[in-house]
Amino acid sequence: MKTCPDYIVQYMNDYLDGDLEPSKERVLKENLATCQDCQKIYHELNKTIAFVQSASHIEAPKGFVEATMNKLPKQKQRSGAQRWFKQHPLLTAAAIFFVMMSAVLFSDFNNEQQFSFTKQPNVVVEGNTVIVPEGEVVTGDITVRNGDLRVDGELHGDVTVVNGQYMASSGVITGEVEEIDQVFDWLWYTIKNGFKDAASIFNNEDAMIGE
Amino acid sequence: MDALVNKRIAKVIKGDQDAFAEIVELYQHQLYQICYRMLGNKHEAEDIAQEAFMRAYVNIHTFDQKRKFSTWLYRIATNLCIDRIRKKKPDYHLDAEVRGAEGLNMYSSIANDDQLPEDELVKMEVQERVQYEISRLPDKYRAAIVLKYIEELPLAEISEILDLPLGTVKTRIHRGREALRKQLSNL
């Protein structure tokens, strides 16, 4: 039995790949017409292709996507929080602001249970009461925490009393008087002052002494 | 399609894991099919296909978006399959006795150089037989044949997936086809 020349088999393969030059294609066809062995090989090759292509389409099993996603490295999940922050910048800013503010405010409110007041000359302290004595003139604001304030003399400035009382008396106050007793008042006051302080951040006259 | 996929990829790179689920959704069947035809075993195919997606996910930043994503993904998968086939060969003898008892389904799960007895081949269903014959191909021909005739990909793409020159791909397909022809000469 004679074997077909290799180049013919090569031509067949090229032809099946769809890239045989027309001149060679003619050679191949002539050969196929005359050589039974070549015909047989060519026929078998075509059958082989048809056979492989008869393979049915296979689909991934159900739940493949979920199973795959579950296998992904978990440390990337952490970036889920980052992604959330990126997608909601405003909410993030608000949340951070709220958390930090409340931390500052509540710690301030809770930690400063001590009696303290703004240091001013000419001021007298009796127990937990700050007194501007009669006949004295104090220039500047006074803030009293956890104590009372009594003005018998003259005060040229604002008065703020936190967790205490401003006791009205014969004194003269040229500024505003504010009494703060509750957490939310305190909160509001702090925010208000925060803005004021921001405006005059270098103008720090509010030197406190603790007692 | 590519623009759509690239959009998802950009999201994944930013850390959006859900966008990757959509990519898996898109390619799951084709990728699984490649793995199944290469390995001939459902569990292994699922395992390797998942592994391929996992690697694609981890290395997504190395993917060049000017290229075709499927090519890159299939390349990861075929490499994993070929590795798996090569690793499996040593324990092939351990299975030899079990196989006789377990029936035909086991045959298709193993890279098999042996010819089954004629009467067993005749009893096989066509689909089983196709997979069996593909599994008998040497792995380097198998990948080329699967990509060419099951996935019906153009030669240029196969050459990129297998990272081989076009000429080499053609040779492998020719030889694979020739090997199959000889295997099937009794059909």
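The values are calculated or read from the model by the stated rules, or taken from the named source; none is laboratory data. This is a predicted model, so every value here is computed, not measured. Heads up, the Cβs are rebuilt from the backbone with ideal geometry, glycines too, and the neighbour counts pull from every protein chain shown.
Would you be able to say whether some residue in segment A:150-157 is buried (at least 18 other Cβ atoms within 10 Å of the Cβ), more than 48 Å from the chain's Cα centre (by Cα), among the β-branched types (Val, Ile, Thr) and more than 29 Å from residue A:97 (Cα to Cα)? Yes, there is a match, as at least one residue in segment A:150-157 is buried (at least 18 other Cβ atoms within 10 Å of the Cβ), more than 48 Å from the chain's Cα centre (by Cα), among the β-branched types (Val, Ile, Thr) and more than 29 Å from residue A:97 (Cα to Cα). Scanning segment B:47-61 for residues that are closer than 16 Å to residue A:63 by Cα and surrounded by fewer than 20 Cβ atoms within 10 Å (Cβ to Cβ) turns up B:47, B:51, B:54.
Residues checked against (1) more than 11 Å from chain A (Cβ to nearest Cβ); (2) at pLDDT 90 or above:
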site	(1), (2)
B:14	no, no
B:38	yes, yes
B:43	no, yes
B:62	yes, yes
B:80	yes, yes
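Which pairs turn up if I take residues in segment A:27-49 that are hydroxyl-bearing (Ser, Thr, Tyr) and look for partners that are surrounded by 13 or more Cβ atoms within 10 Å (Cβ to Cβ) and assigned to a helix (DSSP H, G or I) with beta carbon separation below 8 Å, at least 6 apart in sequence or on another chain? Sorted first by the residue in segment A:27-49, then by its partner, the pairs are A:42/A:12; A:42/A:32; A:48/B:177; A:48/B:180; A:48/B:181. Contact annotation: residue pairs with Cβ atoms under 7 Å, 6 or more positions apart or on different chains, pairing a residue in segment B:22-33 that is touching a residue at least 12 places away in the same chain (Cβ under 8 Å) with a partner that is small (Gly, Ala, Ser), are B:27/B:70; B:28/A:60; B:31/B:49; B:31/B:52; B:31/B:77; B:32/A:60; B:32/B:45; B:32/B:49. Give the residues of segment B:154-164 that are under 16 Å from residue A:14 (Cα atoms) and in a loop (DSSP other than H, G, I, E, B), sorted by residue number. Passing the criteria: only B:154. Of everything in segment B:128-187 that's closer than 26 Å to residue B:72 by Cα and of a type in the set (Gly, Ala, Ser), which residue is nearest to the other protein chains (Cβ to nearest Cβ)? Looking at the filtered set, the residue picked out is B:176.
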